[in-house]
1. Looking only at the stretch 316-337, decide whether some residue is of a type in the set (Gly, Ala, Ser), assigned to a helix (DSSP H, G or I) and in contact (Cβ under 8 Å) with a residue 24 or more places away in the chain.
2. If Lys351 satisfies every condition in (1) under 21 Å from Phe369 (Cβ atoms); (2) of a type in the set (Lys, Arg); (3) touching a helix residue (DSSP H, G or I) at 6+ places or on another chain (Cβ under 7 Å); (4) assigned to a loop (DSSP other than H, G, I, E, B) but one, which is the exception?
3. If we keep just the residues of the stretch 44-53 that are crowded, with 16+ Cβ neighbours inside 10 Å and in a helix (DSSP H, G or I), which is farthest from the chain's Cα centre (by Cα)?
4. Being crowded, with 24+ Cβ neighbours inside 10 Å and either out of contact with any strand residue (DSSP E or B) (no Cβ under 9 Å at 6 or more places or on another chain) or closer than 26 Å to Ala287 by Cα (or both) is true for just one of Ala363, Ala377, Ala321. Which residue is that?
5. Does the stretch 170-185 contain any residue that is closer than 20 Å to Asn121 by Cβ, assigned to a helix (DSSP H, G or I) and modelled with pLDDT under 95?
6. Filter the stretch 401-424 down to residues that are of a type outside the set (Gly, Ala, Ser) and assigned to a loop (DSSP other than H, G, I, E, B) and give me whichever is nearest to Lys372 (Cα to Cα).
7. Here are some residues: Ile339, Ile317. Which one is more than 17 Å from Glu255 (Cα to Cα) and assigned by TED's automatic domain parsing to the domain that holds Ser244?
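The values are calculated or read from the model by the stated rules, or taken from the named source; none is laboratory data. Here the structure is a predicted model, which is why all the values come from computation and not from measurement. Note that each Cβ is placed from the backbone with ideal geometry, even for glycine, and that neighbours are counted across all protein chains shown.
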Amino acid sequence: MNQATNTMGEVEIHPERQLLEQAQVAAREFAAYSAEQVAKIVEAVATAAAERAGYYAEWAVRETGFGTIEHKTLKNQATSAGLLDFYRGQDFSGYEIDYEKKLVKFARPAGVVLGLAPCTNPVATTNFKTLISLMGRNALILCPHPAAKECSVDAADYLAAAAEAAGAPKNSIQVLREPSIPVVGAMMQSDLINVTLATGGPGMVRAAYSSGNPALGVGPGNPPHYVDETTNIVKAAGEIIFSSSFDCNLLCTSESVALVKDEVADALLDSMAAQGGYLVADPAEAAKLRSYLEGEGPINPGAVGKTAVFIAEKAGIEIPAGTVVLIVELDKVDKTDIIAREKMYPVLGFKRVASVEEALAGAQVMIDFGGKGHSAAIHSSNPDTILAWSSLDVYRIAVNGPAVLVSSGLSSGLNPAATLGTGYYGRSSVGENVGPMHLVNWTQIAYNADPAEVMGDIAGALARREKLRT
């Protein structure tokens, strides 16, 4: 990351060091922007990203071989126009005055954000990290996964051009064009990075936390989903099938295993079958499926992000036309069984249970070996049961909806996010869905609480300062 001397004795600057230095210059300039200037930039970038949602969805699927164009388009729209709509009117670049407590708070940007983007959700993550960085007046350096380098670099350049055209500082959005583990590792440790947004494999997230710089990282998900006798079975079946097949189950908020009350288990299976699910009931076929999914172990990369039809064909299983999810019944929840572990393909475990207590025990086992702090889901109309499900060691519970959308905030009141914190359970620094509020700190002016001490015309002073800035 430092300067080096070539064979001609000339001083060379490593490209990644240049990105960092340029980002620091941009961050210092951006920190002086007003809330109005920031809003104009964010609007322009979100609009531009939404306009090319389908274009980059097709490119990402073509380049990586993961997921579906339709669902990646939805994700790209949600992380552009959807994100803008959710945060519209919220200010992460201005100030707040609390006259009762006699406090004045100023938003202070983190500075330079290093944003890691996985190959499973490359452009959605690029959109998301770009917009939340801009909302807080931060400069961003995107580090795409090598397997999604082409679409990620092009998308980042496109968003950078839109930002600069709307008035953002030059180099406020940059991208590492030749990503590699050593280079990204060195950048995370650089004194020119202020915070790393780590989305990716556990190794990369742990490296971000051990870099010596602040980091916001996420962990794996393995969501258990409980279905009891009080819910609408047809609706629950449809939402589970939708969620488990969404973008070939690449999102970590999708159901991993359905734990279903005995008295409604058959009805749920029948309804899921009518809506695109296929129960792999033959033990020999289930064994062939497990064998294919494991490959050389612990997971077959050739199955990741592929459709149920593709997986069934490779495993040598005949399935009905229209199948989007393969379902495998489990006798027990066991971490040695690939069907009970985190999956990035449309295969759903199915376990019959006699009670919510049995479901909770199985769910906690799942979470302990692959999803602490992440998420769980439930279909029930019983408030007591829903509260009982929330005792699991996770920080988000999706209730009566497609877990993939509810937990990620795309169809709930949670912050819409492509980066979901796993909190202290998951050894993460943040337990909620990450947003622009996590990329700012607040300087606070605190007046003496003595009633005789008055604030004076602080609002007038702030207005004069803002006028000078613009």
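1. The first filter runs over the stretch 316-337 and keeps only residues of a type in the set (Gly, Ala, Ser), leaving 316, 321-322.
Filter again for assigned to a helix (DSSP H, G or I), leaving none.
No, because not a single residue in the stretch 316-337 is of a type in the set (Gly, Ala, Ser), assigned to a helix (DSSP H, G or I) and in contact (Cβ under 8 Å) with a residue 24 or more places away in the chain.
2. (4)
3. Taking the stretch 44-53 first, the residues crowded, with 16+ Cβ neighbours inside 10 Å are 44-46, 48-50, 52-53.
Still in the list and also in a helix (DSSP H, G or I): 44-46, 48-50, 53.
Numbers: Ala44: 22, Val45: 19, Ala46: 17, Ala48: 21, Ala49: 17, Ala50: 18, Ala53: 17 Å.
Once the filter is applied, the top-ranked residue is Ala44.
4. Details: Ala377 fails: either out of contact with any strand residue (DSSP E or B) (no Cβ under 9 Å at 6 or more places or on another chain) or closer than 26 Å to Ala287 by Cα (or both); Ala321 fails: crowded, with 24+ Cβ neighbours inside 10 Å.
None of the other options fit; the residue is Ala363.
5. Within the stretch 170-185, one or more residues are closer than 20 Å to Asn121 by Cβ, assigned to a helix (DSSP H, G or I) and modelled with pLDDT under 95.
6. Thr422
7. On the way: Ile339 fails: more than 17 Å from Glu255 (Cα to Cα).
Of the residues listed, the single one that is more than 17 Å from Glu255 (Cα to Cα) and assigned by TED's automatic domain parsing to the domain that holds Ser244 is Ile317.
Let's see how each residue does on (1) more than 21 Å from the chain's Cα centre (by Cα); (2) within 30 Å of Ala308 (Cβ to Cβ); (3) at pLDDT below 95:
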| site | (1), (2), (3) |
| --- | --- |
| Ser93 | yes, no, yes |
| Ala117 | no, yes, yes |
| Phe128 | no, yes, no |
| Leu131 | no, no, no |
| Asn138 | no, no, no |
| Cys151 | no, yes, no |
| Ala156 | no, no, no |
| Gly167 | yes, no, no |
